[in-house]
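Below: one structure, written as structure tokens.
Each value in this text was obtained by applying a stated rule to the coordinates, not by laboratory testing. This one's a predicted model, so the numbers in the text were calculated from it and none came from an experiment. Note: ideal-geometry Cβ built from the backbone for every residue, glycine included; neighbour counts use all protein chains shown.
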Amino acid sequence: MAGRMVVGSAALAELVRPASAPDPAGGHRVLPVRPELTGLLPHRGLRRGSTIAVGAGQPRRGGGTSLLLALLAEASRAGSWCAVVGVPTFGAGAAAEAGIALDRLALVPHPGPEWPTVVAALIDGVDVVVAAVPATVSASVADRLAARARQRGSVLVPYGRWDGADVTLQVVRGVWEGLGPGRGRLRRREVTVSARGRGAAARPKEIKVWLPGDELTRVIPRAAGAAARTIPPRLRVVPHGGTQRGGVPA
């Protein structure tokens, strides 16, 4: 069963539950994340009303989509609704493999010029809203959306540059594992994720994890990281939602 593809304002209105409706996550102020990611967040989870940005990074570095999947999985598993706006390569298959409940996932791959309206409507009734940040978004629009998330108790996750986020997570380094001399299959990626923010998150942090890895994101023991191999330049990884032969999600 695929995530719900949302087309048009009427479909969006039917999807979004009123802010006064019962909270399926039990009203907890902090939504859970996988244990290995808790050290990057000041409240050890996704605090309702906060803005947690994920930097898109350089295309050759990648890893942003896998980080988004890892960030959403535990909250979704616990009963939260999630929405992803403006990320057409976000695949339902990869989301399901990461543990995201597809019956509580809304996808708006192409919001068009109504991007602020779509994101605002989802903030009103969805627990976690991921939104790829268009280059044309003004600071005033960004401030209004962040304020709306604080008021409604949603977690806003901008994907891309977003000044003023409570925390910004970024994949800063990454190497692949699984290739032998001239042959093999890409299995997982060792990435270094940094966290920078303000207030309780002002002190920069970094962790190394496998993305993806053994169905779960895992912190890498120091000795294991030395065994990872880098992809030769001639090989290309397809930045798509599902795992493919010779490639994994970007």
Calculate the spin-label point distance for residue 117 paired with residue 151, positioning each point 7 Å from the Cα along the beta-carbon direction, and give it in nanometres. 1.8 nm
Which whole-Hz couplings ³J(HN,Hα) result when phi for each residue of the range 34-40 is put into the Karplus expression 6.51 cos²θ - 1.76 cosθ + 1.60, θ = phi - 60°, listed in order with x for Gly and Pro? 4, x, 6, 9, 4, x, 8
Long-range amide H partners of residue 33, meaning residues 5 or more apart or on another chain whose placed amide H is closer than 5 Å, are 46
Taking 0.36 nm per residue of sequence separation and subtracting the Cα-Cα distance, how much length would be gained by fully extending the chain between residue 144 and residue 161, in nm to one decimal? 4.5 nm
Could you check the spin-label model distance between residue 202 and residue 28? Points 7 Å from the Cα along Cα→Cβ, value in nm. 2.9 nm
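Go ahead and run the numbers for FRET between residue 110 and residue 77, Cβ-Cβ distance against an R0 of 41 Å, rounding to 0.05. Intermediate results must be reported in sequence, preceding the final value.
Numbers: r = 28 Å, r/R0 = 0.67.
My answer for the efficiency is 0.90.
Sorted by average packing, counted as other Cβ atoms within 10 angstrom per residue and highest first, what order do 134-146, 114-126 take?
On the way: 134-146: 13.5, 114-126: 20.7.
Going from most to least packed, we get 114-126, 134-146.
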Enumerate the calculated ³J(HN,Hα) couplings along the range 71-80 in order (Karplus 6.51 cos²θ - 1.76 cosθ + 1.60, θ = phi - 60°), each rounded to whole Hz, writing x wherever the residue is Gly or Pro. 6, 7, 4, 5, 4, 5, 4, 7, x, 7
Whole-Hz ³J(HN,Hα) from phi, Karplus 6.51 cos²θ - 1.76 cosθ + 1.60, for the range 121-134, glycine and proline x: 5, 5, 4, 5, x, 10, 5, 10, 10, 8, 9, 5, 8, x
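Net charge around residue 202, counting only other residues with Cβ within less than 12 Å of its Cβ (Lys, Arg = +1; Asp, Glu = -1)?
Values: positive: 196, 198, 203, 205; negative: 166.
The answer is +3.
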Tell me, what does the Kirkwood hydrodynamic radius of the range 31-148 come to in angstroms if you use every pair of distinct C-alpha atoms? 14.8 Å
